[in-house]
Amino acid sequence: MGLIQRVFDIQGLTTISISLVRELTEMVKPSRALFVEHPFGLTMGDVGDTETHRAILMDCLRYAQMDLEDGIIIDTPYKWSKDDLRERQLRKEAH
């Protein structure tokens, strides 16, 4: 996504990624990214959690409007607390 983002940014289109793995995002270096500690497949939050879905979307739009330094990764307050799915996925123990 980082390469595509940079192409769009050069053309004057503002882009922002949502990242679930900070280390990979640091390597890819997108122009800007929000770091969300959620499991894969549940980037915006749990199924039916419209409050969190909306909050993350609104953060994306808010940060996209700001004049931020290139390569910034914004830490968000969104942390998965329902179970240990995220940790199991990162250890490659979950399907």
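Taken together, the values in this text are just the output of simple stated rules run on the coordinates, not laboratory data. Quick caveat: nothing in here was measured; it's all calculated off a predicted structure. As a convention, Cβ positions derive from the backbone with ideal geometry for all residues, glycine included, and neighbour counts pool all protein chains shown.
Placing a label point 7 Å from the Cα of A64 along the Cα-to-Cβ direction, the residues of region 25-57 whose backbone N falls under 13 Å of that point are 32-34, 56-57. For the chain, treating each Cα as an identical point scatterer without solvent, what Debye log10 I(q)/I(0) comes out at q = 0.20, 0.25 1/Å? For the requested q values the scattering log ratios are -0.99, -1.30. Taking amide H as placed 1.01 Å from N in the peptide plane, T76 has its amide H under 5 Å from the amide H of F35, each at least 5 places away in sequence or on another chain. Shown here for region 51-88: GluC sites (Glu not before Pro) in loop regions (DSSP other than H, G, I, E, B) with at most 16 other Cβ atoms within 10 Å, namely E69.
Potential lengthening of the chain between E26 and K79 amounts to 17.2 nm, from the contour at 0.36 nm per residue minus the alpha-carbon distance. Have a look at T14, Q89, P77 and report the one farthest towards the positive end of the charge dipole of the chain, computed about the Cα centre with Cβ charges (Lys/Arg +1, Asp/Glu -1). Value: Q89. For the chain, a crude dipole built from +1 on the beta carbon of Lys and Arg and -1 on the beta carbon of Asp and Glu, taken about the Cα centre, is about 200 debye to the nearest 20. Of all trypsin sites (Lys or Arg not before Pro) in region 54-95, which ones are in loop regions per DSSP and have a Cβ with at most 11 other Cβ atoms within 10 Å? Sites meeting the loop and neighbour criteria: R91, K92.
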